[in-house]
Structure formats: C-alpha cells, structure tokens
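> I'd like to ask you about the structure that follows.
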Amino acid sequence: MHLGIIMECEYRTGRTQDEAFDEAFALADLVERGGLDGAWIAERHFASIGRALDPAGGGIPSFASAPLILASALAARTSRIRLGIAVSVLPLAHPVRLAEEVATLDQISKGRLDFGVGRSGFQAAYNGYAVPYGESRERFQECLDILLLAWSQDAFSYHGQYYSFDDVCVIPKPRQHPHPPLRIAATTTDTFPMVGAMGYPIFIGLRGADVPQNLEFLAAYRTAWKQAGHDGDGDVLLRIPVYVADTAERAIDEPMASTMHSYKRLAERFAASATIAGAATSEDRDQRAGRLTAAGYDELLRNRLAYGTPETVVAKLRQLRDDLGVSGFIIEPNVGGGVPREQVFRSVELFCNEVAPHLR
C-alpha cells in the first residue's frame, strides 16, 4: 500500500515565502525519515491581489507553480522516497518542453518520479495563461499523446488541432521505461469511465465528492476498465485530509478553522466555475457547491476527513481501503494551509510512527 503526502506549499499570513520554502523542504525531509513512500507536489497558479495581500481574507497562497523544479530540489536532498506530481495541468504546458523536463527529472531522481496529470477543475489558472478553459479536454489529450510519443520513440511526428510537429527527437529519454508511471486525476462524472477505458491508474479525492459518491464513480471506472479488456481491477490512490493528534479533542479542534474555511472557499469556487463549464459538468458543480455549502464540520468528519487519534485514523483508513478498494493514500496534512507548522509536523510524525505501520 502506497502512503504519501501532498505538498501544496502554502505560506501563511505573517510568514515570508522564504520561510514557506524552508518549511516545504523540512516536511519532505520528515517524510523521508518517517518511512512514507512518496511526496506529491501540487501544481497551483496565481493568487488574486487581494488574496496575496490578505491571505486570511480569501485563501492561503501557494508557491507550487513550478512543481518539476521543486521536485528536482527534493530529488537532490532525498534518496528513498518517490517524487510525485499531483498533478501536472497538461493543457497549460507545451508538450515537447514538458516531455524534456519530465524526462530530465526522472534521470535526476534516478527513476523515482511518478507523473500525475489532469486538467484542473477551475478556470483561474487558464485565465492567467490565456488558454480558453473550453479547450482543456482536447488540449489535455493532445499533450498526453505527444508526451507518450516523445518518450517512446527516437523521433516522432504529430498533427493535431493545437500542436503540430515533424520529426522531433526529444532528449533525454526517461530513466524509467517506457516512461514514469502515469496517473490521471478523476473528478468529474464522465472522466471515470473514460480513464477506465484507457487503462490508467487514477487519483480520487474527498474535496468535490464524498465517500458514497466516490463509490459510484469507482464502479463506473472499474466497469469501463474490465469492458476494455484490461487486466485486474484498476488502480486507485485516495487523496484525503488527515490530521492526527494525541487526543481526540485536539485532533478535531486544531484543524477545524482552517478546514472549514477551505471547504467554504471550495464551495464558492464550484459555484463560480459552474457558469463556464459544459451543461453536464455545470450541473455537477452546482450540486457539489450546494452539498459543501450545507455541510457542517460533523458531516465533513464523517465523509471527507480522517481526523483523530492514531487508533481512530487507522480504523478510518482501513475502512476506506476496504470500502473503496484503494491501493494507497495521499494525505493532506494541512487543509486550508492555516494550521501552525508545529502542529502540522506533529501530526505527520504521529502518522508516520503510529498510523502508517498499521496500514502496510
């Protein structure tokens, strides 16, 4: 079972970006020492002016706009853990440049790279890159097709709607053959059967969908997987907020304000993004916004969070493992980015020492 951590690389009010980088590197060091399997770096772009000046008023900014560079730095200071990208937003990338950089990182890390890809469910990053969000699905597929050609062939040609190349040879090739393990983020109703038919492992999460909804999505993913003739039952990693403390009271109280603020912001983003998505996706996002707006902390604790003492968290994750049939967990240690560093690190230490050994 894979046990990893997601690094969204937030920086808090009153702390500098320099301190935020130092904290991220220290967290990766803790993961390496603590025996977890991987550190996954998010890709997040831009902060509104108001949010940058007053993070508490809008959300916690992140400096994870260049995850491949961050992963290269982590590769140089670690030797054991796998380094994951969760996820590279393919429609915003130039596919040939991305193929070169991913292959280089795989060589630098000596084959420790896992490459997660997705489209991102929100428009803000697309606005900053001047890419129409309505093109995201087609751009994603073209970029993915080109990456696979660039890594697997000495030279390739490609002619699509957005990209056209003739006789291009990408150097270096990845250390892992034919390429680093790929995993696709699945968040929308139509994505699950599509990725299942393609035969790719997936990420799922408990932000936009709760456990009962994910059960439905995974049934569609696995049905499409089998109908396409792929071996096995698919492969699923669950990204889940985890907070561990010595007492149940501290585990619930310490992350509460940051968690509730994060889910409130998420509900607002779903509602705002519904207006620019397609009809089916818009309806889905409206429903997600409504559920999150109505959800109180108790409901989040039941269906979207694993907060508690080590014993409680072990039991919760075992239940999710059995119910959802996942092959591992990627924990979110600081939902909303507002939990103090000392508390976050204590939670991760408890997870490494008192939770992870019982999930192997």
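> Six or more apart or on different chains, Cβ under 8 Å: which pairs go from a residue in segment 197-223 that's under 21 Å from Lys316 (Cα atoms) and modelled with pLDDT under 95 to one that's part of a helix (DSSP H, G or I) and of a type in the set (Ser, Thr, Tyr)? Could you list them?
Listed by first residue and then by second, the contacts come to Arg207/Tyr263.
> Report every pair of residues separated by at least 6 positions or lying on different chains whose Cβ atoms are under 6 Å apart, first residue within segment 337-360 and closer than 18 Å to Met1 by Cα and of a type in the set (Phe, Trp, Tyr), second at pLDDT 95 or above and surrounded by 19 or more Cβ atoms within 10 Å (Cβ to Cβ).
Going by the 6 Å Cβ cut-off, the qualifying pairs are Phe351/Val244.
> Output the residue which, of all residues in segment 24-73 that are touching a strand residue (DSSP E or B) at 6+ places or on another chain (Cβ under 9 Å), in a loop (DSSP other than H, G, I, E, B) and of a type in the set (D, E, K, R), is modelled with the lowest pLDDT.
Residue satisfying both the conditions and the ranking: Arg44.
> OK, next. Among the numbered criteria (1) modelled with pLDDT of 95 or more; (2) in contact with a strand residue (DSSP E or B) (Cβ under 9 Å, 6 or more places away or on another chain), which one does His177 miss?
(2) is the only condition that His177 fails.
> Now, a different point. Where residues in segment 324-360 are among the polar types (S, T, N, Q) and within 19 Å of the chain's Cα centre (by Cα), which of them is farthest from Leu305 (Cα to Cα)?
Ser327
> Residues of segment 226-249 being within 16 Å of Asn214 (Cα to Cα) and among the aliphatic types (A, V, I, L, M), which ones?
In the first step, residues of segment 226-249 are kept if they are within 16 Å of Asn214 (Cα to Cα); the result is 233-241.
Those that are within 16 Å of Asn214 (Cα to Cα) and among the aliphatic types (A, V, I, L, M): Val236, Leu237, Leu238, Ile240.
> With the structure loaded, tell me whether Val242 is part of a helix (DSSP H, G or I) and touching a strand residue (DSSP E or B) at 6+ places or on another chain (Cβ under 6 Å) or whether it fails that test. Walk me through how you get there before you give the answer.
Working: part of a helix (DSSP H, G or I): no; touching a strand residue (DSSP E or B) at 6+ places or on another chain (Cβ under 6 Å): yes.
Spelling it out, it is not the case that Val242 is part of a helix (DSSP H, G or I) and touching a strand residue (DSSP E or B) at 6+ places or on another chain (Cβ under 6 Å).
> Looking only at helices (runs of 4 or more DSSP H) that fall completely inside segment 82-187, which ones have 1 or more residues that are closer than 30 Å to Arg33 by Cα and out of contact with any Cys (no Cβ under 6 Å at 6 or more places or on another chain)? Before you say what the answer is, go through the steps one by one.
Details: elements: 95-108, 124-129, 136-152.
In segment 82-187, the matching helices (runs of 4 or more DSSP H) lie at 95-108.
The values are calculated or read from the model by the stated rules, or taken from the named source; none is laboratory data. Since we're looking at a predicted model, the values are computed, not measured. We place every Cβ from the backbone using ideal geometry, glycine too, and count neighbours over all the protein chains shown.
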